[in-house]
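Written out below as structure tokens is the structure these notes cover.
The values are calculated or read from the model by the stated rules, or taken from the named source; none is laboratory data. Predicted model, so just to flag it, every value in this text is computed and none were measured. Here Cβ is always computed from backbone atoms with ideal geometry, including for glycine, and neighbour counts include all displayed protein chains. For the accessible areas, the whole protein counts, side chains as well, though only heavy atoms, and no ligand, DNA or RNA atoms are used. Shrake-Rupley method; radii C 1.70, N 1.55, O 1.52, S 1.80 Å.
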Amino acid sequence: MKNVLILGAGSDVGQSLARLFASKSYSIHIAGRDMELLESFKKDLEIRYSVAVNFSYFDADDFSNHDSFLKNLNQTPDIAIYVIGYMGQKKPMDTDWEDTLRIVSANYLGAVSIFNRLAKAMKNRKSGILIGISSVAGERGRQSNYLYGSAKAGFSTYLSGLRNALISHGVRVITVKPGFINTSMTENLKLPPLLTAQPDEVALAIYKSIQSGKDILYVRFFWRTIMWIIRNIPEKIFKKLSL
Amino acid sequence: MSKEISNWGHYPKIEVEENSFSSQNQLKSILINQKSLIARGLGRCYGDASLSNEEIVSTLKFDKILEFDDQSGVFEAQSGISFEAILETIIPKGWFLPVTPGTKYITLGGAIASDIHGKNHHAEGSFSRHVIEISLAGMDGNLIKCSPNHLEDLFWATCGGMGLTGIIQTVKFQLKKIETSFIRQIQVKAKNLEHIIELFEKYQGYTYSMAWIDCLKGGNGFGRSVMMAGEHALLSELDSKQKMNPLSIASKPKLMIPFNFPDFALNTLSVKAFNFLYYTKHPSKIKESIIPYNPFFYPLDSILNWNRMYGKKGFVQYQFVLPLEQSHRGLVEILNRIRKKGMGSFLAVLKLFGDQDNLISFPMKGYTLALDFPIQKGLFPFLDELDQVVLDHGGRIYLTKDARMKSEIFWNSYPKAKEFKDILSKYNPHSQFNSLQSKRLSLT
């Protein structure tokens, strides 16, 4: 039976992913920090979709416990999705060091820590799929969110390197680059409706990318073009913009 | 950051901050910091019942199913779950909602706060009758459980209490067993008001009944209507095609109104034309058929965002109930006034309620009529006139549809309003839970 591990299952996209995969008869392991939410979510998934569901505590920051976390899973998942992210509370220049560390841990270090381990296990087994939710914000550093952006940039590069390292071992790595999504993380931002995706939409796009063999997925699709333009603005001009 | 929020009638519209929660812990931290707020689900009330100028808490992410015993039909879920999601889970196992309103896009919490009623009120009461237990987050986020046997005052104040007793967290209730997801429907034409009232008497043995009424026709056809009554269809009543999937769920709607229609789109003429068309669409006097549950219970849901047909100014829905002895007289007077004013109602629904007498829940034994009015000059004073007529006949207005009723009308028409307010002072002493409506009606 196919199974999927969702790291950050308490998030909006994480919940959409869990429901979607459960509806496709995957057994699910949901992991996150809000144990109350995970416990009720387990019941919900079992009742709605009649699949096996397990849950456990996972903190991206807590690297020293990542080994035991994986050990307690009993098996290496067929698919593992990292959907943990944190944007910070203030503008980058005003962010204190503690929050900066959180941004870098949640978006990059935590992912590297757990994916390093999962990659080895999947490589040994010669099968598996690793999916990392990065962001278009990683494609170019800009004044409004360069801490989050640089962490995501690190994550995207890590994933592409891992993809390269694992291709001849039967393991796939998919980089997901959403633009704007309507979630708790962006609750306080005014996002342009046409550019903004819903969590369910992102989940479906991810699920389809598994079937279609995609390496890098942009959600919504036109962000690929938008970022191509952004990437190609000469630095002389870009450094003066207020994006 | 604040955003623009309005409910189904698009009136009133406000700018306010909205926060969401997906676990009790998260709600607790909101409640500790926010001293004035109201919960909101899918925003299918019509006016300002779930609006506040201080803060709105969305329950939509608090939507997990906690228990579903498919043998006994006991179901428990978090308050943000929609009736649509509940139906998708329970129908395939042969269960249905005990009471449902005319749309499945409401939340479980909203169903309690409005103590919703459906086409089966005369037979099976309102939603609260089928509830086993409710848990709420009170001040400072502490969880309280209540039921008809435990903290009954809180239970009955919460049912129909418009969210003023606390933030509803979980609801456990009893489902209804069904053999198929189809309905055996009977449609009967009534030539006038007296006739439709006769029909309601005649067909009260049916579990479900309501009527579409033309409220603009004068003369001999005054009050002409089409009654729709129904029962859950048995397996033996289905045709061979339906038998292949007797417990099928509705597919998602395909038609959506993407933008507001211009303001003139639904004026009196178009309403008259619609009513005439609707009425003569049924060729014979009595028509029986077996139809899926979706078009029987939720005819308007298939047109997503149909409320946009009323244009940017929005509309007001006016729903009242009159005690049985006064119903005929009262309906004649009100329908005449509406016809003379020409303010037109696109949809008018007539239902016969059974007995009910809970705190500030809306239903009472008698006839209820629900009408839409596009917002236009002169409307609000006219509705104040109608309020007085309703009050004079011993009736009242449905808070879930209300956007403008005056406080004195409310206090004079709900005999248990004082008792309700006393219970509020016990569980919501600092009016932490309040809405634009509760302030307007002097409840908080």
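Structural remarks
- If you filter region B:18-33 down to residues that are farther than 21 Å from residue B:161 by Cα and among the hydrophobic types (A, V, I, L, M, F, W, C), you find that the one that is surrounded by the fewest Cβ atoms within 10 Å (Cβ to Cβ) is B:32.
- The residues in region A:192-217 that are without any contact (Cβ under 8 Å) to a residue 12 or more places away in the chain and either of a type in the set (Ser, Thr, Tyr) or surrounded by 14 or more Cβ atoms within 10 Å (Cβ to Cβ) (or both) can be counted, and the count is 1.
- Taking the listed residues A:85, A:10, A:14, the one that is within 14 Å of another protein chain (Cβ to nearest Cβ), assigned to a loop (DSSP other than H, G, I, E, B) and at pLDDT 95 or above is A:10, with no other qualifying.
- Residues of region A:88-120 satisfying the condition of being assigned to a loop (DSSP other than H, G, I, E, B) and either under 13 Å from the mean Cα position of the chain (by Cα) or in contact (Cβ under 8 Å) with a residue 24 or more places away in the chain (or both): A:88, A:91, A:95
- A Cβ distance below 7 Å, combined with a sequence gap of six or more or placement on separate chains, defines the contacts here; from region B:350-373, residues that are on the phi > 0 side of the Ramachandran plot reach residues that are part of a strand (DSSP E or B) and hydrophobic (A, V, I, L, M, F, W, C) in the pairs B:366/B:321; B:366/B:322; B:366/B:353.
- Of everything in region B:397-441 that is polar (S, T, N, Q) and part of a loop (DSSP other than H, G, I, E, B), the residue that is most open to solvent (accessible area, probe 1.4 Å) is B:431.
- Single condition residue B:330 does not satisfy, out of (1) assigned to a loop (DSSP other than H, G, I, E, B); (2) open to solvent by less than 10 Å² (accessible area, probe 1.4 Å); (3) not basic (Lys, Arg): (1)
- When residue A:43 is tested against (1) farther than 30 Å from residue B:75 by Cβ; (2) without any contact (Cβ under 8 Å) to a residue 24 or more places away in the chain, just one condition goes unmet, and that condition is (1).
- There is no residue in region B:146-156 that is open to solvent by 30 Å² or more (accessible area, probe 1.4 Å) and either farther than 28 Å from residue B:418 by Cα or assigned by TED's automatic domain parsing to the domain that holds residue B:238 (or both).
Conditions (1) open to solvent by less than 30 Å² (accessible area, probe 1.4 Å); (2) more than 10 Å from every other protein chain (Cβ to nearest Cβ), marked per residue:
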residue	(1), (2)
B:7	yes, yes
B:12	yes, yes
B:16	yes, yes
B:35	no, yes
B:54	no, yes
B:59	yes, yes
B:68	no, no
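- Any chance residue B:89 is within 12 Å of another protein chain (Cβ to nearest Cβ) and either of a type in the set (Gly, Ala, Ser) or open to solvent by 10 Å² or more (accessible area, probe 1.4 Å) (or both): yes
- Qualifying residue in region B:281-292 (condition: at pLDDT below 75 and open to solvent by less than 70 Å² (accessible area, probe 1.4 Å)): yes
- Members of region B:127-142 that are surrounded by 15 or more Cβ atoms within 10 Å (Cβ to Cβ) and either of a type in the set (S, T, N, Q) or modelled with pLDDT under 95 (or both): B:128, B:135, B:138, B:139, B:141
- On inspection, residue B:310 passes the criterion of being touching a strand residue (DSSP E or B) at 6+ places or on another chain (Cβ under 6 Å), of a type in the set (Phe, Trp, Tyr), open to solvent by less than 70 Å² (accessible area, probe 1.4 Å) and modelled with pLDDT under 75.
- Scanning region B:202-220 for residues that are loosely packed, with under 15 Cβ neighbours inside 10 Å and in contact (Cβ under 8 Å) with a residue 24 or more places away in the chain gives B:204, B:218, B:220.
For (1) more than 14 Å from chain B (Cβ to nearest Cβ); (2) open to solvent by less than 30 Å² (accessible area, probe 1.4 Å), each residue gets a yes or a no:
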| position | (1), (2) |
| --- | --- |
| A:36 | no, no |
| A:40 | no, yes |
| A:71 | yes, no |
| A:75 | yes, no |
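- Scanning region A:23-34 for residues that are of a type outside the set (S, T, N, Q), away from chain B (no Cβ under 14 Å) and either in a helix (DSSP H, G or I) or open to solvent by 60 Å² or more (accessible area, probe 1.4 Å) (or both) gives a single hit, A:24.
- Options B:400, B:444; residue that is touching a residue at least 40 places away in the same chain (Cβ under 8 Å) and under 24 Å from residue B:117 (Cα atoms): B:400
- Residue match in region A:45-61 (condition: within 14 Å of another protein chain (Cβ to nearest Cβ) and crowded, with 24+ Cβ neighbours inside 10 Å): yes
- Filter result for residue B:76 (more than 24 Å from residue B:259 (Cβ to Cβ), within 10 Å of another protein chain (Cβ to nearest Cβ) and surrounded by fewer than 15 Cβ atoms within 10 Å (Cβ to Cβ)): no
- Checking each residue of region B:253-261 against the condition of being modelled with pLDDT of 95 or more and in a strand (DSSP E or B) gives no match.
- Among the residues listed as B:111, B:39, the single one being more than 14 Å from every other protein chain (Cβ to nearest Cβ), buried (at least 23 other Cβ atoms within 10 Å of the Cβ), touching a Phe, Trp or Tyr at 6+ places or on another chain (Cβ under 7 Å) and within 27 Å of residue B:363 (Cα to Cα): B:111
For (1) small (Gly, Ala, Ser); (2) surrounded by 22 or more Cβ atoms within 10 Å (Cβ to Cβ), each residue gets a yes or a no:
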{"site": "A:145", "(1), (2)": "no, no"}
{"site": "A:148", "(1), (2)": "no, yes"}
{"site": "A:151", "(1), (2)": "yes, yes"}
{"site": "A:154", "(1), (2)": "yes, no"}
{"site": "A:163", "(1), (2)": "no, no"}
{"site": "A:171", "(1), (2)": "no, yes"}
{"site": "A:174", "(1), (2)": "no, no"}
{"site": "A:182", "(1), (2)": "no, no"}
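- Within region B:67-107, restricting attention to residues that are assigned to a strand (DSSP E or B) and of a type in the set (Gly, Ala, Ser), the residue that is farthest from residue B:398 (Cα to Cα) is B:77.
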